[in-house]
Structure formats: structure tokens, C-alpha cells
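Working notes for the structure below.
The values are calculated or read from the model by the stated rules, or taken from the named source; none is laboratory data. If you're wondering where the values come from, they're calculated on a predicted model, not measured in any experiment. Glycine also receives a Cβ, built like all others from the backbone with ideal geometry; neighbour counts cover every protein chain displayed. Note: accessible area is taken over every heavy atom of the protein model, side chains too, but ligands, DNA and RNA are not part of it. Shrake-Rupley method; radii C 1.70, N 1.55, O 1.52, S 1.80 Å.
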Amino acid sequence: GNETSTLGSSTINSGKLKCLKEIFASFHIEYLDLRNHFSDVRQFLIDGEGLFIEFLLHPDLSWEFGGQPLHLVYLFERFLYMFLEKEANFKLLFFKSFDKVWTSVPSVALARLLLIEHFQRNTNITIIDEFIDVFDPMFEQYLIDESPSFILSSDRSSDLIKNLDEIFLIGRLKYLSLGCSYAFIDGIEFDVREVKGYFCNSETRHQRLYKLYERKICKGSCLQNIYRNLFLSTYQTLPLVPEPLQDLNNFDNKDVRVLLTCQALSNVMKIKSNMVFFIQVYALHLAILVTLPLKYRAQPLRKFDRKEEKELQEFWNLMCSCLKDCLTNLVPSSSGSFSKVGDLFDGRHFVNIFYLYKKKRKLQLNDKTMLLYMVLVEGLKIDEDTLPVMGKQNIKSSTKEELSIVESKGRKMNDFIINVSSILMDQYVGDIMSSSNLLVKDINDKWVKENVLHGYDFDEITHWHCKRLLSDDYNKTKNSFLEIPPTDLFLKKKWLKQKQMYYRFMEYYGGSLEGRRHPNCKAIVVQDKGKKASKKNNKISKGAARIIQSNIDKKQNEIREREKKIVDDNLENINDLKRNKDYKGALYCVKQLLSKIVDQVIKKKLLLLSLQVLVDLMEEKLKKCNTMDPNDLVVFIEDLKVLLTDLRKELSDHDKKKISKYCFQVGLDEIIDKEGLFVNEKYQKKESFVRSIETVRFQLEHMGALLSREYRYSYEYLTRVWDKMVNSTIRVSPQCFEILLLAPHRQDWAKKIRFVIFDEIHCLDSEHAAEVWEHLILLICCPFLALSATIRNPEGLCAWLQKIEDYKQICDKRSGMLKHGREYKVALITCKERHADLINYQYIPETDYLQNVHPVSLFKVKDLQNLPRFPEHVTLSPIEVLQLYDAMKIVCPKYDELEKLEPGFEFKTKTFLTKQDCKKYEHKLKELFIRWIRTGKTTLAEKVIINLKGTSQKQQNFSFNASNISKENERHIKQYILPLLDKMKNKGKFPAIFFCYNRSLCEDLVSYVAKELKTKEDAYKQSKSMKVAEKMKKPKVKKIKRIRDKEKELKAASSCNDASERSNSIEDLVAETFENEKVNFLFENKPLQDFTYANYGVIDRKETQFLHDRLCKAFDKKDVKHFSSSLCRGISYHHGGVDIKRRRTVEMLFRNKFLNIVIATGTLALGIHMPCKTVVFLGDSEYLTPLNYCQMSGRAGRRGFDLKGEVIFFGVPPDKVVQLITADLPKLIGNFPVSVTLVLRLLLLVARSEDKQDALNRAHNLLKHPLICQNQPQLNKQLKQHFMYSVQFLLRE
């Protein structure tokens, strides 16, 4: 453990190195899709030094005698191109200190410099090479400013230089200590849509481990000094005599390689004058390199004896050092072509030419090569007569013969294709098979039958491992219940009971799907305009019309009289409440009456009364608390809006005077002026008890969720779609539907399908079973409706779908199957706005505070500089729009264009704002903000962002500490989960779904919360045991009293004289009473109201008794009791590991508003109707992507249930919050659609189907129009190749 592994003054030894490796072995590294960490705004860094090491050790790259740098450049570009193809935003990072590392290997040092020059001059990839090393303070500041998503680094070690393993280990530890995650270059796999790799997320403990390693293992030595000493131990110098480099304009040839080579060879001659022969060979090597086609340079490496190899290696090291020196001192502004600087030399080609010279063979050069060679010879002043060069010939033919190009080996006997007689094969891959160089043999060939084929056919009849017949969901669903009940009485009774239980459960489950809607949110009912028109065209006589009208008037009068009577009966009660100054009670009674009234005149009177009560209520509060509740003013403006818009025709002058009086009293002078209302002078000074309020600002700040919306939907199109639906509907999973569509014996059933609805169509780009969705769209032969709320490029998806429908139309015309009325046009209906605004918060547990997160504050100015407009997917609520204006006004108070956007000036003609008005105002502010950035006013924009961020330093500290879900963070979340729940309960943010991608943590949090609430309840009961006992006795006393009253009623009303019959009836009543209150898993141990989050008022025993019975039949009583212990507290968990019956129970109780809290994984992200008011994200995870965030946050503020949605981040690092909110959704790319199983199914479909033309059309549509080929048409040929070789694989296997 004391043997040093470095030289110089470095202090790291093998023991410390082993300890460092053990630290990295303890890190949590996961294999995941790195594309989830790409975003439009954020970027990541690629460690160029690590990537250089990876490809330097590539098995296909030989580095003997300098190797081929062009091959190295190709490996680099191919790797980076795969990222660019996925729309990744990255930068290449090189450190200056690594320039010294490779000095001992000059050819590698030169190749590294060539790479940097090539990417800087010939590509658009950004190169960062101004930092010394990872300990450079400027680099640390760069990471803080840029906040890259991660760094792509290497974990390779090499024998070429010393200490490389230690350098990369310390570098990665430094990355993590700076809060930057990293991924490994080694092990990355590129797919058509994914980039899989090993990823290590930065955590807080990495900072502590870094300090601990530096303090205890290094014994107080600075790790920075150790790291830099490792570089010094690898540094070796060579004697060079560099000269100033001449400018390229002095040469006729514009290729920079000629200039660099001439200068380098000149330096070599001055250093080693005895190497003239090597210089001659290298000059000829350059001349041939410039003119020789690339395919003739792939030569086997020649071998030499040790003496020649030593001399050759000495020259080569000196030449590479000179080339590197010349390239380093090259004038950046020099004119010339740098496009081929990556192909500066070819070590293998140079060695082969040297070998031919040693063998005294002469080369024949063409004119161009000979001319360049003569220029080099003259420039170097070498005697050309001594060079072994023959006459001028075509270099292609002569050089090929001399250099002995290696021909490919002969084909093996097994390299052939079996020709299959299939119409699908002939039409789809016939052109590929005919142009193939492989031998084609017939399937009936004797040798093929004996040596290749197994001699039997495959068909989907039985399972492959047994003789049991295959079945699908069609048969299973059909036989779930017997259509005819059994004749046996016992079996018939059992059949009826099972069917009754099933229908009862489905009725309750279906009823829970509708849920309880918000009273202000009404469902939109699509009406058929065509049917209305047909009714109007019916001829009605004048007498009949009079009779109909009189009946309508009669009904309206009856309704008016009935409503008037109801109001008159309640007015006295309302007046009594007003006299007693119980204005809240009076207002409640008025609102209850308004919900029952239809007549416009009566509704007007009630609204005027509501305004009067609200004025009295606000005046009373102002006297008591010296403040006015803005919620009362919100209700006032809402009622006023109804009066001045919907009921304006019913208002008289006296009513308008009343309204103006009420408005003046509460400070709404702007509404009086805008609506032209009259104010009496006698109470202008007396009765106004508040100062004037800016109405527009108040609506933006307090009434954003209540602003009216203008709905623009294509009712005609939706009606036409709905008419195609039939009463018989099937809900099926994509996998089952695919099996049915590809089954030959189910084609008759598939043709009967009239319409298909694809919900969550963005699953086309999901990680699991995405190709199944694509297959379904390509296989169906009927109209469809595709729905999604998370698609970035709907226009591209619509174009692909239209292409599919056009091909279906052509096939139907060709086969004469064109149906009457069948539409092939794909209509795109988009809505880019959420119905309910989404407000983001971050929970700060130390202060128990919910910090608002403004979306604009998450951007950086430099990220917005290159954008033509503000990102459209980032929307603002009305209050956030107002906050943006206020921040801009603070930064630049006297800006003329900003003064025109002042809310009062912008909406000077508007009394009551709408949602569309706010969106237009938001768009104008965003345009002005982006214009500031694009016109150079970045300082103002930065100040606006800082102003919106706030000054909560505690928020930033905690957010950084709450990193990925680790053991420490789990304890932190458990510690503060109860304060968060209490905070949400007090602020009315329930019901809520908590998303956490850790199953065990979901269950642990539920158990912890239930246990803590029970502990507090027990302590409360013990402290007030007498009072609690008395309260628990009251229900029993009332129950006994109720039974006795019923008993008396039965005795009085009973006509039965038999005493035994009377006693039996009483006993039955008592039994029935206790039966209705038998043991129930929610009501058995009902907790006190202060110690539960459940809503016991929305559900009764009968509604949940069958759920209890259902669980008891499936599980033990202990399991049911443990599961119900959290349900009665109003909290439960939901994830894929929970059985279906428990999950359904949680879903129904949550939809019925009994459960207020559900902690779930991604199972509730899509596909399940679980609307809530608030969504909480607990901790970080690699699966928490912008797409999943958008899908999960969409659960909050669902239309018809809540007026706004709220998102709370707890334990999510700030960088991740920025990524989730600001990053755009990924584009739909598609998947590789062809697999061996699919090929087999398509062949069977075409071969076994009765309607072969229809089956062939659908198979061609599936194979010819995959989504991935929409933007990458070159993959069509690859798909054909894969299909053809899949068939060959099936034949041979």
C-alpha cells in the first residue's frame, strides 16, 4: 500500500488509489435513456479527452507508426452525429493540461491537436479549450453559470501513458462535487430513438465524500496539487528548433497540409541532417496522400527488422513533434483550405511506401502527383535524381498493382438466400433479392431440404411447448359469463350471484368515473345542428303553433310563480340574518336560492340583494379588522358581471343607480365610468369606505381562474365523428387489439370495426410497446380519432397519418372495396391552451413555506438569445403575467413601449377581462421581453429574471440538497411529509396525487403518515378521555332510542294478535338496524376529524360495504386491516406492484372524494381517470422527464373539477425543476417497427387469410409507411434488408 504509482511530487499511492476506486464502486449508477436529459434549452458537455481515449483504444483503430488520424476523425464524427441526429445540444471540452500528457507519444499528441483544429474550423460544434483542468476556478464558475445537464466522460485506462486512470478518477469525483452528473462513454448504445448509457446522478453526499477523501485519505494534502502533479509526472520534452511559420499566401497550393509538411520537414532537416532519405519518402507520401483515392490506402502494415523499425520510429516521433509545433504556431487568420486538416498524415501509408523504397521498387505517378512532388522537392532543396520515381503514369492502376490491394475472400458454401414463394416477399423485397450478390437457391432444392430446412410448417394453432390450443381475448371475453344460465339450481344460483356482483361493481366503478364536478364548470354537450334544421323544416299550422306557444307560456308562468313563492318564503329569513348582522349566513341563503332560480327577473332581484349583502359584509369586516377580504370583492365582481352582461336588458334605471351606488361604496369607480352608470352626488363623499381599486389589475391578480373563456371547437366535425359511433363499444389494450388484427381467423371481425379511438396517441414514442400503437394505426381499415395532450409536432404526425390514409384509399380503389361515405382526409384539431391555469410551487420545509416558481425566472438570457420568440409551450397564468409586467416596470420604469402595456391602458375599453384577453396581453409582454434580449438589452432582461426569482436564499440551499432519491433524501422526505400535508390541508389544496418513482418509498410514506396520525390521536384521547368517551356513547344511546321508537310504532300499527309474531318483527328490525351498521373497513375504527385527511361526509356504509366484502374474499383479514388502516386516514398508495382489486378500490374512493391523498408511481400518469387539484413531485428520478412531467401535471386542474391546477416540487433539485418546466416535449420519431415475430405474423396473415388482397394491402401499408421513415427515408432499404433476413432466419431456425 506504500508503493507510489506516480513520479515527481505527486503524493497519491496505490492504497489511496484503491480507496478512490472503492468510493466510486459505492456510487449508484443506472443504465437509462440519456435522451431524457436532452432539452431545447439546456445542454451537456462531452469530455473530449475521455472520448479521445475511447477511440484511441478502439479495436478497429491501429496506431502503429502514427496510425491513420482520418480514421480517428471518422470515429469522432460518427459518434457525435448520432447525438446530433437526436437533436442534442452539446459542447466538446478539452483541457490545456492534457496537451502535456501526450508529449511522450508525439503521434497521439498531434492527432489530438488535429481533432481540435478540425472541429473548430470545419464544423459547427462548439469547442471549449480555454480551461487548464477541472480545478481551474474559471471552469468551476463556468459549470455554475451554464449548469450543464451532465458531462459525458470516460472510465478507460491506457498503458500509453502513466497515471491516466488516476487522472480520470479524480476528475469525475470533482465533477460530482461541483453538482454536475456524468455519464460513461463506454457502453453507450444508439437506437433509432434512444441513447442508452450508464449514468451517475450528482448527490449531496458526493461533496462530503470529496472533502472526506481530501481530509482523511490524502491527510490534508490539497487534491488539486495531487491532480496536477500527475500531469507533471507524464510530461517529457523533445529537443526542437522551431522556426517562424511562413504565410500560406506564399505558396501556390492552397491545401494547408502542404504548408505544414514543408515547414515540418524543414525543421527536421535542421535537427537531424542524416534523415534525408526519410524526408524524401515522407514528401512522396504527402504527394500521394493528396491525390490518391481513399480506397487504395487500405493496406496491410509491412514488417521490418528491429534496426529499421527503431530508425523509422525515431524519425516518425521527430516528424510528428515538428508537425504539432507548426500547427500550434499557425496564424489563425491564414488563408487556405483547412477542410482536410484531419488527414494531415497516414502513418501506415508512409510505412508501406518506405517498404517499397527499401525493396528498391519504383512507383509510377500521374501528372498531378508528380507535380506536387516536384514542388515539395524544390522547396526542400533535395536532389530529385536520387529518388526512386519512374515515368508519369496513371496512379490508380500502377499504385494498385505495386501496393497489392487485398482482395476479398471467396464466398462460403452457406452464403446463399433461400427463395420463398410468397406474394408478400416478391412485392416487398423482390428488388433487394434480385440485386443481391449472394447466391439464391430454391426452397425445393434437394440440398436445401436436407441440410437447412426442418421439414415442417408453422401455424398458429397450438402452443409451441404443448398441444394446448391457442386462444385470444375474443374467446376469453365471450366466455366470461355463460349466455344461457345452467339448468342445475345450485349452479344457476351461483351464476346469478356472480353476475349480480359483477354488474354491481361495474355500476359503482362506472359511476365513480363521472365524479363530482365543480358547480361553475359545466360539461359541453355537442348538439347535432342537422337534426335541428330538419325539425324547423317541418310544416306546422298556425293554430298548432299558437297552441304550442301558449303551452310554453303557461309552463313559464308556472315556473315563475313557483320560484317567486320560494323566494318570498326565504326573504324573511334573509332579512332576519341581515338584522342580526349575520351577513355570511344571508349571503349563503341568497346563493342557494340563485342555484334554484331560472327566471331572469327573479335572478336579477336576487343578484342585487347579493350585492347589497356583500357591501354590508365588507363594511363590517373593514370596521373590525381594518382590512377587506379580496374574496368578497371577487364574489361581488362575479355577480356584477352577470348583471351587466347577461341580465343587462332586465335592468331599469333604478337598478343601475343601485349598482352604481354599490360599486362606488367598494371602490369600483372604473366600472362606473366604463359602463356609463350614474352616481348620485349626495353620497359620493359619504358612503365610499375604501379607496378606488384598479379593476383590471384586481382581476389579473385575484380572478385569473374565474375569467370567462371563448370556446372555439369544431362541433360539426365532432358531431360527424360521433355519428359514426355505434352502441357496441369495446375497450381493449393495444397488445390484445394487435393480436386480433393480425390473426387470420379474426379478419371477418376486424372488418366489422366501424371506428377506433386512440387515447394517448403520444405512446407512439414511449419506451415500451410503442411499435404496437404504430402497427394498429397501419392495420385498421376504418376511420379513427387520435387524442393526446403531449405532442410537440402534431403537424408532422398529421402528415404521416394522411399519407397512410392516402395509401389505404388507393388500395381500396384498386381492389374495388371503396366504401360509400368513407372519409380518408385527416383533420387536425389543436388547442394550445390549458383550460385551467397551472401554478408551480416549491416546498421549503425549514420555513414551512410554499415558494411560487415563476416560469420566466427559470430561463437564462443566453438561452433565449438565439430563439426567434419566447417558447410557446411555457404559458403564464394571469397573475404571473401581471408579475412579469411589474418586474419589467421596476427595471425600466420610463420605457415608452412598456407604458403602453400598463394593464389599465391596455384594457381601457374592457370592463371584464376574458381568458383570451390575458393571452394576447401575455404574448405582447413576451415579445417585448425577447426584443430586449435580441437588441442587446440583456442587462435589463437579467434584472427582470432576478426580480422574478425573489431573494429566498433558503429555497436555493434546500433545493440543492434535495437531490436524487437516496437513503438520506428518503429520511428527509419522511421528516417533512406531515408538515407539507398539514400545509396543503389548511390552504385547501386537496385532493392531491403525490408522484414518486420509488415503490418502497410510496408504501413507507403511507404507513408512516397513518402511524403518526394514529399516535397523535391516541395521545389526544388519553389527554381528554372523559370527553371522548361521552362523545362515543352518544351514537349508541341514539341508536337504542331509535330502535325503541320503531318498536312502539310497530306495536301501535300491527294488526297481528300473535305475541310471538310481534316479538319476531321487533327482533328482525333490531337485526336489520345492526346489519346496516356491521363491520366496515372504513367505519370500523373511524378516526376523529382532526386526525384524518378523509372526507367521511361524501360516502356512507352501503356504498363501501361491497368493496369491503370484495377485498375480504380475495385477501386475509390481516391484509385487509393493514390496507384499510391507511384508507380510513384518507391516504393510500398506487403502483404496478399492487393487485388490481386494491388499485380499483383506491381509484374509486379517490374519485368519490373520500381519499384526498394518493402516493403513486407512474401508474397514474395516463390511462386512468384520476382528476385532482394538486400534483406533488417527491424527489428526483431518471424517469421524471419533461414528457412524464407534462402528463402527470395534467392531472391537476382537470376541466369540470377545478378552476386551477397546482404543482408542488418537494425534494427535486433546482436544475431538474428548470428542465421540467422549460424544456419542450420531445418530437415523435417512431420506432423500428419490424421484428422477427411480426414478419412471421404477416406471412401467416397473407397465407391463411380468406381475403388475401385485403390482408396483403394491410401488410404492405404496415411495412411501407413506418413513422421513423417519415423523416429518415433512407431507413426503408434497411427495413427491407431486415425483413428479408428475418425470413431467412425463420427458415433456418
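Some points to look at:
- Based on the reciprocal of the average 1/r between different C-alpha atoms, the Kirkwood radius for region 1204-1246 equals 14.9 Å.
- Solvent-accessible surface (1.4 angstrom probe) belonging to residue 935, in square angstrom, nearest 10: 90 Å²
- Compactness index (Cα Rg / 2.2 N^0.38 Å), region 550-654: 1.19
- The mean accessible area for residues of region 1243-1293, using a 1.4 Å probe and ignoring ligands and nucleic acids, is 45 Å² per residue.
- Solvent-accessible area of residue 276 with every protein chain in place, 1.4 Å probe, in Å² to the nearest 10: 50 Å²
- For region 729-840, the Kirkwood estimate of the hydrodynamic radius, built from every pair of different alpha carbons, is 15.7 Å.
- Computed on the Cα atoms alone, the convex hull of region 851-928 gives a volume of 116 cubic angstrom per residue.
- Note on residue 915: accessible area is roughly 10 Å² with a 1.4 Å probe, heavy atoms of protein only.
- Taking the Cα centre of region 261-348 as origin and assigning +1 to Lys and Arg Cβ atoms and -1 to Asp and Glu Cβ atoms, the resulting dipole is close to 180 debye.
- Carbon-plus-sulfur accessible fraction, region 1105-1230 (probe radius 1.4 Å, protein heavy atoms only): 52%.
- The stretch between residue 923 and residue 908 holds 3.6 nm of extra length on full extension. This uses 0.36 nm per residue minus the Cα-Cα distance.
- Cα centroids of region 274-318 and region 848-920: 67 Å apart.
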